[in-house]
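Structure first, then comments.
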Amino acid sequence: MLPTISRSPVRILVVDDHGVFRQALAVLLGTREEVVAVATCSNGSEAIEKARTWRPDVVLMDSVMPG
């Protein structure tokens, strides 16, 4: 029998300038045990600040948005 490996959830920062899409994606990701949306933001400048603060494993970012 193989041992169970305990893993921390993947920490994701969601960045998009469309608020409804950003929040929906964060909620959808939050339905998975192995994922946690640590923060959301609406522009590139805010994304840099939150990435430094929250240290996410993954950043899901819109490629065309302000800042």
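The values are calculated or read from the model by the stated rules, or taken from the named source; none is laboratory data. Predicted model, so just to flag it, every value in this text is computed and none were measured. All Cβ positions, even for glycine, are placed from backbone atoms using ideal geometry, and neighbour counts span all protein chains on display. All accessible areas refer to the heavy atoms of the entire protein, side chains included, with ligands and DNA or RNA removed. Shrake-Rupley method; radii C 1.70, N 1.55, O 1.52, S 1.80 Å.
Once backbone amide H atoms are built at 1.01 Å from N, Val10 has Val35, Val36 as its partners under 5 Å, excluding neighbours fewer than 5 places away on the same chain.
Dipole magnitude for the chain: about 220 debye, using +1 per Lys or Arg Cβ and -1 per Asp or Glu Cβ, origin at the Cα centre. Listed peptides 50-58, 34-42 appear in the order 34-42, 50-58 once ranked by packing, highest mean of other Cβ atoms within 10 Å at the front. To put it simply, the accessible area of the chain at a 1.4 Å probe is 58 percent carbon and sulfur.
Label-to-label distance for Val35 and Val64 is 2.4 nm, based on points extended 7 Å past Cα in the beta-carbon direction.
Compared with the alpha-carbon gap, the fully stretched path from Ser45 to Arg11 is longer by 10.3 nm at 0.36 nm per residue.
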